[in-house]
Each structure stands twice: as structure tokens, then as C-alpha cells.
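A quick write-up on the structure given underneath.
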Amino acid sequence: MSGAEKSNGPRFSYDSGYLATPNATAISRSLPLVGESLPLQSTRAFFDGLIPEGPMREAFERCFWLG
């Protein structure tokens, strides 16, 4: 994920070197291979799905202050 932009929040972008490789593959259909940054609205569902649920999620949130 790219660094947070103060005015727009966190964004995701593919590395330009990765995009230039012939076998570059998107990590999700919802995150297409594009050269520009994708805003939080476009990426939230995908990345939220990687975080555990229930007690493990609560522990994760406490550890990383995401609550």
C-alpha cells in the first residue's frame, strides 16, 4: 500500500516495476492493474477481508489501534 495522503486518507497502488513485468497479475478483480492509486473506497472491502473476525480481530485492533 502506498503511504497515506493527508487529505485523502490511505490509498493502494501497484509498484510501477511490478506493472511493467509481463506476468503482472492483479491481487483481486476489485483491484485492477492500473498505474494510478486506488482510493480507500475502492480497496476497503478487499483489505477488510484479510483481517480476522471475532476475538482475533479485537486483538488485532487493540494491537494496531484500528478500532
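The values are calculated or read from the model by the stated rules, or taken from the named source; none is laboratory data. None of these values were measured; they are calculated from a predicted model. Here the Cβ positions follow ideal geometry from the backbone for every residue, glycine too, while neighbour counts run over all protein chains shown. Ligands, DNA and RNA are excluded from the accessible area calculation, which covers all protein heavy atoms including side chains. Shrake-Rupley method; radii C 1.70, N 1.55, O 1.52, S 1.80 Å.
Summed over segment 37-67, residues that are more than 11 Å from PHE12 (Cβ to Cβ), hydrophobic (A, V, I, L, M, F, W, C) and not in a helix (DSSP H, G or I) total 4. Can you tell me how many residues within segment 38-54 are open to solvent by less than 70 Å² (accessible area, probe 1.4 Å) and under 10 Å from the mean Cα position of the chain (by Cα)? Final tally of qualifying residues: 8. Within segment 12-36, the set of residues being in a loop (DSSP other than H, G, I, E, B), open to solvent by less than 90 Å² (accessible area, probe 1.4 Å) and farther than 22 Å from PHE64 by Cβ comprises TYR14, ALA20, THR21, ALA24, THR25, ALA26, SER30, PRO32, LEU33, VAL34, GLY35.
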